[in-house]
1. By average Cβ neighbour count within 10 Å, what is the ranking of 14-23, 215-224 from highest down?
2. Can you give the helix-only mean residue ellipticity at 222 nm for the chain, where every DSSP H stretch with n ≥ 4 adds -39500 (n - 2.57) and the sum goes over all residues, rounded to the nearest 500 deg cm²/dmol?
3. Please report the orientation-averaged projected area of the range 132-241, defined via the convex hull of its C-alpha atoms, in nm².
4. Go through 104-114, 204-214 and give me the packing order, highest mean Cβ count within 10 Å leading.
5. Pairwise over distinct Cα atoms, reciprocal of the mean inverse distance: report the Kirkwood radius of the range 191-278 in Å, one decimal place.
6. Using 0.36 nm per residue of separation minus the Cα-Cα distance, give me the extension gain between residue 251 and residue 204 in nm, one decimal.
7. For the chain, count all C-alpha to C-alpha pairs, find those more than 28 Å apart, and express that count as a whole percent of the total.
8. For the chain, with a Gaussian network of springs between Cα atoms less than 10 Å apart, report the residue from 184, 172, 91 with the top mean-square fluctuation.
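Please treat every number below as a calculation from the coordinates, not as lab data. Predicted model only: the values in this text are computed from it and were never measured. Every residue, glycine among them, receives a Cβ derived from its backbone with ideal geometry; neighbour counts consider all protein chains shown.
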């Protein structure tokens, strides 16, 4: 598929954020991207405004505080997706099409049963949860993430294993937790399946606690994919470091790409994946 023919839908509802930037960055890289409200996909709008999930090649769920994050972060958005679009979402994933969830979007994918995806495409109940940070409050800071993926994740194949990137953490509920009684077994399975994509590290590339790990998340997990690698959730925001001047150290950096930041690789990676597989 040619880059200019790739259609990206960035799905938003009340309380989401960064959808405008995400659409702009996909367009900047040559794809056809648009914001699409959930009601446009469920048909709760006039006919001329309706969209079909199957018409998109990539789906993105952006960050924010969808529906105020009442109940749990991402829970209401996920419930609305499941209640009206469960079959379409399953078909989308099983067709190999990528889904991308950032921050609140990661929470939505977990609540919807699409991640971590250990027991099928979309489980009836969440297999994990993104709980309140150990600090008990909202954390907003640059985060260093080390790529753990050996190549499964469709979004990170342009990066090398062990590479450290800077994305921006901005969340109050980013602590990835597995069911306590089975946590060790499930974590071992995630690692064996190459589903742990990024882990938080310090400025020397070592796995570390707070503030480098801003939430206290299990195994320093910052990002996961499903077994097939086409559903990807990342807690810190890559779109907030798409350009080099968005990095917190942009005036001090030397060498490297003077235009683009670390976040571009995620957008570029999924577009290249779709180009190659079509």
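1. Numbers: 14-23: 19.6, 215-224: 23.4.
The packing order, highest mean first, is 215-224, 14-23.
2. It lands at -7500 deg cm²/dmol.
3. 6.5
4. For the peptides 104-114, 204-214, the packing ranking is 104-114, 204-214.
5. Details: mean 1/r = 0.0679 Å⁻¹.
Over the range 191-278, the inverse of the mean reciprocal pair distance is 14.7 Å.
6. That works out to 14.9 nm of additional length.
7. Details: 10972 of 38503 pairs.
It works out to 28 percent of all Cα pairs.
8. 184
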